[in-house]
Amino acid sequence: MKVTLNDVALLAGVDRSVVSRVINDDPRLNVRPETRQRVRETIDKLGYRPNAAARSLRTARAYMFGLLIPDFANPVYAEIIKGAERAAGTLGYGLMTASSRGVRLGLEHYLDLLGQGRVDGLLFAGEESGHELAQLRGSQVPWVLVNRTIAGSHRYVILDDARGSELAVNHLVELGHRRIAHLAGPEGADTARRRLAGYLSAMRNAGLTVGPHAIEHADYTPAGGAAALDRLLSAPTPPTAVFVANVASAVGALHALHALGFSVPGDISVVAIHDMPLASHLVPALTTVRMPLEELGRRALELLARHGPDDTIAEVVTEPVELVVRASTGPPAR
């Protein structure tokens with residue numbers, strides 16, 4: 001038999017309105033902590049699940065957030081989704097995730113869903129800018145940019161990408177490398193700009209020169225990484241180490257090096273931003289900078305849930321950022 005609100009109230013020894021307000025985390029509810037705990041334990045014991053449709057009608061909420069990402073093929077977004085889903089579940093919400101590249105509907109489709117009240121807010125990690133920011137501002141529904149900023153925006157949650165770049169470059173410098181190239185991300189990507197800035201800063205602080213052929217841009221795909229690596233190796237003085245802006249690009253770079261007969265790290269060292277389970281299974285295992293992607297997704301959703309559409313949200317998730325040393329980096333060849 002389906003467990004009802006009345007069943008929970010009867011067993012917990014409280015009024016059904018108390019049960020309802022505990023479920024909805026009503027800040028105006030004035031009961032003793034032990035009563036609140038008893039209600040929660042009774043809910044768990046009976047396995048009670050609120051009627052989502054009735055709850056939405058009663059509160060004028062959908063209890064659903066949206067997350068729009070550029071591409072499911074990029075493994076980085078799996079970690080962001082995981083953190084956002086966990087935060088949504090803790091708050092009693094669901095999460096609808098979609099790829100703008102996969103469905104080709106774009107931001108307008110999701111803003112239309114916002115207007116219909118089918119989601120209560122939007123986490124936006126897409127690649128669009130400018131016109132889309134104006135649309136977000138005009139929606140009058142809470143939204144937050146995730147892992148990116150747009151000029152003029154005041155609602156974003158990002159990572160400390162510059163620090164991640166500095167950790168990677170400093171690791172290569174400590175190994176003895178002096179000709180360190182950067183396989184950068186797309187020129188129009190906000191994350192790529194921040195990682196490039198970190199690379200330039202770390203090279204400058206180490207007293208190293210960045211030559212005219214030391215930086216090549218590529219999209220965040222294995223194919224893009226392979227093509228950019230070919231261009232870096234064609235420079236008059238090839239690098240002894242490459243810092244890659246994204247783990248997916250690094251997969252392509254390693255493949256290209258193997259195809260060309262280069263030894264990693266014997267001939268050239270490779271380190272990349274973002275650590276994924278697959279990184280330790282590559283040949284050789286890839287040295288990475290682990291970034292707090294899951295924490296990024298969690299914080300973005302929490303801030304979205306707790307702030308109104310006009311509030312300023314500007315947060316940089318700084319911890320934990322750490323270097324994971326594996327077999328793809330070593331001292332330069334003599």
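All of the numbers you see were taken from the coordinates with simple rules; none came from a lab. Computed from a predicted structure; not experimentally measured. Here Cβ is always computed from backbone atoms with ideal geometry, including for glycine, and neighbour counts include all displayed protein chains.
Computed from Cα positions, the angle between helix 247-259 and the longest principal axis of the chain comes to roughly 30 degrees.
A crude spin-label estimate for the pair Leu260 and Ala285, with each label 7 Å from Cα along the Cβ direction, gives 2.6 nm. You can think of it this way: the chain between Arg36 and Arg86 has 15.7 nm of extra reach, that is 0.36 nm per residue less the Cα-Cα gap. Listing His255, His182, His281, His154 from fewest to most neighbouring C-beta atoms within 10 Å gives His281, His154, His255, His182. For the stretch 265-275, backbone phi angles converted through the Karplus equation (6.51, -1.76, 1.60; θ = phi - 60°) give residue-by-residue couplings of x, x, 9, 8, 9, 9, 9, 9, 6, 5, 10 Hz, Gly and Pro being listed as x. Residues in the stretch 168-181 carry Karplus couplings, in order, of 5, 5, 4, 4, 5, 4, 5, 6, x, 6, 10, 9, 10, 8 Hz; the curve used is 6.51 cos²θ - 1.76 cosθ + 1.60 with θ = phi - 60°, and Gly or Pro positions show x. Distance between the modelled labels on Ser201 and Arg306, one decimal in nanometres: 2.6 nm (7 Å Cα→Cβ projection).
Across the stretch 66-73, rounded Karplus estimates of 3J(HN,Hα) from the backbone phi angles (6.51 cos²θ - 1.76 cosθ + 1.60, θ = phi - 60°) give x, 10, 10, 10, x, 7, 5, 5 Hz, Gly and Pro being marked x.
Full extension of the chain between His154 and Ala73 gives 26.3 nm of extra length, using 0.36 nm per residue less the Cα-Cα distance.
Please give the peptides 78-85, 27-34 ranked by average Cβ packing (other Cβ atoms within 10 Å per residue), highest first, as a rough proxy for protection.
Ranked from most to least packed, the peptides come out as 78-85, 27-34.
Rounded, prolate or oblate for the stretch 161-293? Axes are the square roots of the Cα gyration tensor eigenvalues, ordered a ≥ b ≥ c, and the cut-off for rounded is a/c under 1.5. In terms of gyration-tensor shape, rounded.
With angles folded into 0 to 90 degrees, how steeply does helix 33-46 sit against the dominant principal axis of the chain? Use alpha carbons for both and round to 10. Result, in degrees: 80.
For the chain, relative contact order (Cα pairs under 8 Å, six or more residues apart, normalised by length) works out to 18 percent. Using just its DSSP H runs of length 4 or more, each adding -39500 (n - 2.57), the chain gives a mean residue ellipticity at 222 nm of -13000 deg cm²/dmol after division by all residues.
When the alpha-carbon atoms of the chain are used, the pair Rg, Dmax equals 24.1, 80 angstrom. Between the helical axis of 293-306 and the longest alpha-carbon principal axis of the chain there is an angle of about 40 degrees.
Ranking His177, Ala245, Pro222 by how far each Cα lies toward the positive end of the dipole of the stretch 161-293 (charges on Cβ) leaves His177 at the top.
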